[in-house]
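So the structure is just underneath, and the comments pick up after that.
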Amino acid sequence: HYVRIVNNFTDETIEYHCISRDDDLGQRILQPKEEGEFSFKINFGGTTRFYCYFWYQNFNASFDVFDADVDEDLDCGGDRGI
């Protein structure tokens, strides 16, 4: 599995920090129009979940960027109920 993070700002850098229960990928910086990517395999129990914190200037947010419980169901034709 791959996660790609894209900074679509034209003049702002974005800092981000992605973490799972098993891995801490560290804090990174994306320059304007730059992309970052990481890859991983789902753990044996099928519970892999990555979330990332993002910030620039005075704005910050966090998101689940991958959740095996949800994303694997969709890959197999499941429905999130959205």
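The values are calculated or read from the model by the stated rules, or taken from the named source; none is laboratory data. Keep in mind the model is a prediction, meaning the values are calculated, not measured. Note that each Cβ is placed from the backbone with ideal geometry, even for glycine, and that neighbours are counted across all protein chains shown. For accessibility, only protein heavy atoms count, side chains too; no ligands or nucleic acids. Shrake-Rupley method; radii C 1.70, N 1.55, O 1.52, S 1.80 Å.
Only one residue in G36, G46 is in contact with a helix residue (DSSP H, G or I) (Cβ under 6 Å, 6 or more places away or on another chain) and open to solvent by less than 30 Å² (accessible area, probe 1.4 Å). Which one? Explain how you work it out, then say what you get.
Details: G36 fails: in contact with a helix residue (DSSP H, G or I) (Cβ under 6 Å, 6 or more places away or on another chain).
Among G36, G46, only G46 is in contact with a helix residue (DSSP H, G or I) (Cβ under 6 Å, 6 or more places away or on another chain) and open to solvent by less than 30 Å² (accessible area, probe 1.4 Å).
Can you name every residue in the stretch 1-50 that is aliphatic (A, V, I, L, M), over 16 Å from S62 (Cβ atoms) and touching a Leu at 6+ places or on another chain (Cβ under 9 Å)?
Within the stretch 1-50, just V6 meets the criteria.
When you go through Y53, Y2 one by one, which is the residue that is open to solvent by 70 Å² or more (accessible area, probe 1.4 Å) and at pLDDT 95 or above? Working first, answer last.
Working: Y2 fails: at pLDDT 95 or above.
Answer to the selection: Y53.
Go through the stretch 58-78 and give me each residue that's modelled with pLDDT of 50 or more, more than 17 Å from H1 (Cβ to Cβ) and either among the basic types (K, R) or open to solvent by 60 Å² or more (accessible area, probe 1.4 Å) (or both).
Once the filter is applied, which keeps residues that are modelled with pLDDT of 50 or more, more than 17 Å from H1 (Cβ to Cβ) and either among the basic types (K, R) or open to solvent by 60 Å² or more (accessible area, probe 1.4 Å) (or both), the stretch 58-78 yields N58, F59, N60, S62.
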